[in-house]
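**Student:** The structure under discussion is supplied below as structure tokens; questions concerning it will follow.
No lab work stands behind these numbers, since they all come straight from the coordinates. What you see is a predicted model; the values in this text were computed from it and never measured. When we count neighbours, we look across all protein chains shown, and the Cβ atoms used for this are built from the backbone with ideal geometry, even at glycine.
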Amino acid sequence: MTEVPIKKAVYSFVKAKTGVLSEGSPYSKAMLAKLRQGVGKRPENNPDVWSVLFDGLDERLLSWDGNLSDAEEAIYTALTLYAVHQQGKPTKVDNGSDSFGAAIKKLLNPDGSNAQSVKRRFDAMVTAKDFIELSYYARGMVQMLKANDIPLDYGQFASDLYSFHLPDTKNRVLLRWGEDYYRKEKVANEKEEAIDD
């Protein structure tokens, strides 16, 4: 039997957790509130969310030295931002289809009136020097997604945050976000091809 890669384990764990957190039960509402309180804080200083963060977590993702593992930090960041995004929303904001770059692109007004503002924030995030700075800018972007009712694939986002920690994959993740941000929508391309025929 093949072992599940770390990125896939991060993805699956976050998808499972957002599924539980979106149920609307008293437990999920309480945990979402505790996760929101943890935004910008270190998980070691937020024991109220340890049950969400660690319960059922693949042992390969756990830290064994008392320092947060890259996977734990990515999962914690994704889940706290999910809690911010989900607050007050009747439907689950983890839609399973929009990558981070594609979701940010949806913030753009059709007339382009906010393009410069959105791009400036996006560029600040993707040029972040470290994970703490990236998380800071990601929080602002998620708040914009929330205000505009734009969902995000939080499993993929967590997997991307994990990859950001790794020197070999950090730039690939950022480049993919940029590609998704600038990618033409398939419908628009199909219309252009029909016109050309």
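**Student:** So which chymotrypsin sites (Phe, Trp or Tyr not before Pro) in the range 1-92 pass both tests, a DSSP loop state and at most 15 other Cβ atoms within 10 Å of the Cβ?
**Tutor:** Loop-located and lightly packed - TRP64.
**Student:** With axes computed from alpha carbons, what is the tilt in degrees of helix 154-164 against the longest principal axis of the chain, rounded to the nearest 10 within 0 to 90?
**Tutor:** 80
**Student:** Between ASN148 and LYS41, what is the label-point separation in nm under the 7 Å Cα-to-beta-carbon projection?
**Tutor:** 3.0
**Student:** What longest range of the chain stays clear of loop-exposed GluC sites (Glu not before Pro) (DSSP non-H/G/I/E/B, at most 15 other C-beta within 10 angstrom)?
**Tutor:** Of all site-free stretches, the longest is 24-184.
**Student:** Explain nothing, just compute: Karplus ³J(HN,Hα) = 6.51 cos²θ - 1.76 cosθ + 1.60, θ = phi - 60°, for every residue of the range 74-80 in order, whole Hz, x for Gly and Pro.
**Tutor:** 5, 5, 4, 4, 4, 5, 5
**Student:** What number, rounded to the nearest 500 deg cm²/dmol, is the helix-based mean residue ellipticity at 222 nm of the chain, given -39500 (n - 2.57) per DSSP H run of at least four residues and division by all its residues?
**Tutor:** The helix-only estimate for the chain comes to -19000 deg cm²/dmol at 222 nm.
**Student:** Note the full-extension length gain between ILE132 and TYR182 as 0.36 nm times their separation in residues minus their Cα-Cα distance, in nm to one decimal.
**Tutor:** On the way: separation 50, 0.36 × 50 = 18.00 nm, distance 2.52 nm.
Contour length minus the Cα-Cα distance gives 15.5 nm.
**Student:** Measure nothing fancy, just the Cα-based angle from helix 6-21's long axis to the longest principal axis of the chain, in degrees from 0 to 90, nearest 10.
**Tutor:** 90
**Student:** How many nm is it between the label spots at SER63 and ASN114, if each spot is 7 Å from the Cα in line with the beta carbon?
**Tutor:** 3.6
**Student:** For an R0 of 45 angstrom, estimate the FRET efficiency from the Cβ-Cβ distance between ASP55 and ASN171 and round to the nearest 0.05.
**Tutor:** 0.85
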